[in-house]
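Engineer: One structure, as structure tokens, below. Some questions next.
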Amino acid sequence: MGVRMNHRGLKALRLEDSVTARALRILPAYSAYSKTYTLLQQSRRWSREELAAHQAQALSRLLDHAYENVPYYRRVFEERGLVPGDIQTPEDLVLLPFLTREDLQNNLPDLKARNYPETAFEYVTTGGSTGIPVGFYYEKGVSRAREWAFMKTQWDRVGYRFGDRCVVLRGYIVGSPEDGVYWKRALLGRWLLMSSHHMTEETMPAYIDRIRKFRPRFIQAYPSTAVILARYMREHGIEPFPTVKAVLCGSENLYPWQRDLLTETFRCRVFSWYGNSEQTVLAGECEESTRYHIFPEYGVVELIGRDGRPVEGPGAMGEVVTTSLINPICPLIRYRTMDVAVLGKAPCSCGRAYPLLERVEGRLQEFIVTKDRRFISMTAVNMHSDVFDNVAQFQFYQREEGEVLMRIVKKPGYVDRDTERILRELNRKFEGDVDVTIRFVETIPRTRRGKYQFLIQDLPLDQWGISV
């Protein structure tokens, strides 16, 4: 790849557990990247049967390894009177129990593979967006290299090349009000890391001017951060950046109203992918569809319903349960992600034989509960409407069934009539089954990783299952 960056440069950029960091840290294990990337160039042309055979073989190796080297799974097998040979196909995984986040936290030492030296373990934590932050392990260098091979394979679909210039808006804190510079170049100057924490009405003209001068081919962003930029450009009649070929959205659910706004504003492809820090699932769109193509080489994906059994057929909704095939140093088998998705109908017109998700609804904590205990996904709450034109920021908060508090940061033009219109619109969307109270605030804080949460859900939805 020809990518070099010294340790001091990495430290100065404060790169956390992000796509950017993964790209910069793969050099010690370039061979792992190369081997994985080569495999993916071949397997993308495989038939469904060939992909299934490859996945079954990878799963068999994983189960043998977990049984022999991972104390937690040796105990799980023995408690159920099983051996790895009893699981011949991914469908047989139902013989094993789910692994919850609490299980992961309570048994982490016993989930470490004993056939790796202690120096190979890299401790990683999630951001805790579901309310349950968890820790686990990567194989130092190697895990990130493998994942970057999958990410590059996805981005290939929209023409990404290593030499392309890319603006990155993913929760970084760069610069300060004192110097008025909120960005820094990385990856030999090819990536422009911009601070999402300083994007205000006052600073946005400088951001836009810098992006235009940088002439990026791609914008890589949290959807919520890209929306801040897009809304400002739309409201001020600012033309799109002519060099940008696609907006690469990940690490948050991309809501339909966000996709519409970004597409209209930037006038280019909005590409989204779905994955998690635990490296158990990865799926991304293709050149011809906005459905998510699951990498069967990356992990085994199940969708389970409220009864804990697999859901079947296109359009079926369930919680995503995953088994990682790329991180044997800390195997996660039948891991409950607490994400919700909808099965898609294969095949896709792009020709890949990958299994499909029609859409990702988001975390279980991204559902609002009605008075009659129905779940309403935030994907159904369309905020791309003139009703919300005078709202700078918003956030829902729920701690009682059928009731939500909506926090609003007003724009200067906000009037009482806006409140009436918003309440009327939300009543229509919630079909009268959710009482909404509006409270005006000065700011809405972000998560530790710089993300915006559109809903803070304090109800224990993981205990209820899915009922939509």
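Engineer: Indicate, rounded to the nearest 5 percent, the antiparallel portion of the DSSP beta bridges found entirely in the chain.
Structural biologist: Working: 44 of 69 bridges.
The antiparallel proportion sits near 65 percent.
Engineer: If you place +1 on the Cβ of every Lys and Arg, -1 on the Cβ of every Asp and Glu, and leave all else neutral, what size is the dipole of the chain about its Cα centre, to the nearest 20 Debye?
Structural biologist: Details: 65 positive and 59 negative charges, 413 e Å.
Roughly 1980 debye for the chain.
Engineer: Okay, moving on. Ignoring ligands, DNA and RNA, what percent of the 1.4 Å accessible area of region 121-197 is carbon and sulfur?
Structural biologist: Numbers: 1270 of 2520 Å².
On region 121-197, the fraction of accessible area on carbon and sulfur atoms equals 51 percent.
Engineer: Under a 5 Å amide H to amide H cut-off, with H placed in plane at 1.01 Å, what residues pair with residue 435 once short-range neighbours are removed?
Structural biologist: Answer set, sorted by chain and number: 403, 404.
Engineer: Could I ask something else about it? Before anything else, pin down the relative contact order of the chain: Cα pairs under 8 Å, at least 6 apart, normalised by residue count, whole percent.
Structural biologist: Working: 876 pairs, mean separation 62.2, N = 468.
Value for the chain: 13 percent.
Engineer: Further, regarding this structure: Which trypsin sites (Lys or Arg not before Pro) from region 24-116 combine a DSSP loop assignment with at most 16 other Cβ atoms within 10 Å?
Structural biologist: When the trypsin sites (Lys or Arg not before Pro) of region 24-116 are filtered for loop state and at most 16 Cβ neighbours within 10 Å, 45, 80, 114 remain.
Engineer: Turning to a different aspect of this structure: Roughly what would the spin-label model give for residue 108 and residue 350, points 7 Å off Cα along C-beta, in nm?
Structural biologist: 3.5 nm
Engineer: Karplus couplings for region 285-300 from phi (6.51 cos²θ - 1.76 cosθ + 1.60, θ = phi - 60°), rounded to Hz, Gly and Pro as x?
Structural biologist: For region 285-300, the Karplus-derived couplings read 6, 10, 5, 10, 8, 9, 6, 8, 8, 7, 7, x, 6, 8, x, 9 Hz, x marking Gly and Pro.
Engineer: Then there is this: Take the solvent-accessible surface of the protein heavy atoms, probe 1.4 Å, and return the percent of it on region 331-376 that carbon and sulfur atoms account for.
Structural biologist: Heavy-atom surface of region 331-376 belonging to carbon and sulfur, 1.4 Å probe: 49 percent.
Engineer: Which of the peptides 448-458, 86-96 is most tightly packed, and how do the rest follow, judged by the mean count of other Cβ atoms within 10 Å per residue?
Structural biologist: Numbers: 448-458: 17.9, 86-96: 14.7.
Final packing ranking: 448-458, 86-96.
Engineer: Calculate, for residue 371 and residue 397, the FRET efficiency according to 1/(1 + (r/R0)^6) with r their C-beta to C-beta distance and R0 30 Å; round to the nearest 0.05. Don't skip to the end; give the middle numbers.
Structural biologist: Numbers: r = 17 Å, r/R0 = 0.56.
The computed FRET efficiency comes out at 0.95.
Engineer: Need one number: nm distance between label points at residue 190 and residue 290, each 7 Å from Cα along Cα→Cβ, rounded to one decimal.
Structural biologist: Between residue 190 and residue 290, the simple spin-label model gives 2.9 nm.
Engineer: Considering only protein heavy atoms, what per residue accessible area in square angstrom results for the chain with a 1.4 angstrom probe?
Structural biologist: Values: 19980 Å² over 468 residues.
That works out to 43 Å² per residue.
Engineer: Also: Any idea which of 87, 216, 318 is furthest toward the positive side of the dipole for the chain, if Lys and Arg beta-carbons carry +1 and Asp and Glu beta-carbons -1?
Structural biologist: So the residue furthest toward the plus end is 216.
Engineer: Let me ask another. 7 Å from Cα along Cα→Cβ at both residue 116 and residue 433: what's the point-to-point distance in nm?
Structural biologist: The modelled label-to-label distance comes out at 4.4 nm.
Engineer: So what's the angle, to the nearest 10 degrees on a 0 to 90 scale, between helix 256-266 and the longest Cα principal axis of the chain?
Structural biologist: The angle comes out near 60 degrees.
Engineer: What label, among (1) 21; (2) 28; (3) 25, belongs to percent of Cα pairs over 38 Å apart computed from the structure on display?
Structural biologist: From the options (1) 21; (2) 28; (3) 25, the structure gives (3).
Engineer: Work from the charge dipole of the chain (Cβ charges, +1 for Lys and Arg, -1 for Asp and Glu, about the Cα centre) and give the residue of 136, 153, 351 farthest towards its positive end.
Structural biologist: Of 136, 153, 351, it is 153.
Engineer: From the helices alone, meaning DSSP H stretches of at least four residues, give me the mean residue ellipticity at 222 nm for the chain, per-run term -39500 (n - 2.57), in deg cm²/dmol to the nearest 500.
Structural biologist: Values: 11 runs with 128 residues, N = 468.
Rounded to the nearest 500, the figure is -8500 deg cm²/dmol.
Engineer: Helix 48-69 against the longest principal axis of the chain: what's the angle in degrees, Cα atoms only, rounded to the nearest 10?
Structural biologist: Around 70 degrees separate the two axes.
Engineer: If you don't mind, there's one more thing I want to ask. Helix 223-235: angle to the longest alpha-carbon principal axis of the chain, degrees 0 to 90, nearest 10?
Structural biologist: 20 degrees
Engineer: Can you list the residues, at least 5 places off or on another chain, whose amide H is less than 5 Å from the amide H of residue 441, using H built in the peptide plane?
Structural biologist: So residue 441 has HN proximity to 408, 409, 410.
Engineer: Here's another thing I want to ask about it. Rounded if a/c is under 1.5, else prolate if a/b is larger than b/c, else oblate: which is region 67-141, with a ≥ b ≥ c the root eigenvalues of its Cα gyration tensor? Don't skip to the end; give the middle numbers.
Structural biologist: On the way: a/c = 2.15, a/b = 1.38, b/c = 1.56.
Oblate.
Engineer: Then there's this: What does the highest-first list of 326-333, 162-169, 64-71 look like by mean Cβ count within 10 Å?
Structural biologist: Working: 326-333: 23.0, 162-169: 19.5, 64-71: 17.2.
Ranking, from highest mean packing down: 326-333, 162-169, 64-71.
Engineer: Sticking with this one: Taking square-rooted eigenvalues a ≥ b ≥ c of the alpha carbon gyration tensor, is region 329-429 rounded, prolate or oblate, where a/c under 1.5 means rounded and, failing that, a/b exceeding b/c means prolate? Don't skip to the end; give the middle numbers.
Structural biologist: On the way: a/c = 2.46, a/b = 1.84, b/c = 1.34.
Since a/c reaches 1.5 and a/b is larger than b/c, the shape of region 329-429 is classed as prolate.
Engineer: Put +1 on the Cβ of each Lys and Arg and -1 on the Cβ of each Asp and Glu in the chain; which of 33, 408, 163 then has its Cα farthest toward the positive end of the dipole?
Structural biologist: 163
Engineer: What per residue convex hull volume, in Å³, do the alpha-carbon atoms of region 268-364 yield?
Structural biologist: Details: hull volume 9.5 nm³, N = 97.
In region 268-364, the Cα convex hull volume per residue is 98 Å³.
Engineer: Rounded, prolate or oblate: which fits region 125-227 when a ≥ b ≥ c are the square roots of the eigenvalues of the alpha-carbon gyration tensor, with rounded for a/c under 1.5 and prolate only if a/b beats b/c?
Structural biologist: Working: a/c = 2.07, a/b = 1.30, b/c = 1.59.
Since a/c reaches 1.5 but b/c is at least a/b, the shape of region 125-227 is classed as oblate.
The values are calculated or read from the model by the stated rules, or taken from the named source; none is laboratory data. Quantities reported herein were computed from a predicted structural model and do not represent experimental measurements. Note: ideal-geometry Cβ built from the backbone for every residue, glycine included; neighbour counts use all protein chains shown. Surface accessibility is based on the protein's heavy atoms, side chains included, excluding ligands, DNA and RNA. Shrake-Rupley method; radii C 1.70, N 1.55, O 1.52, S 1.80 Å.
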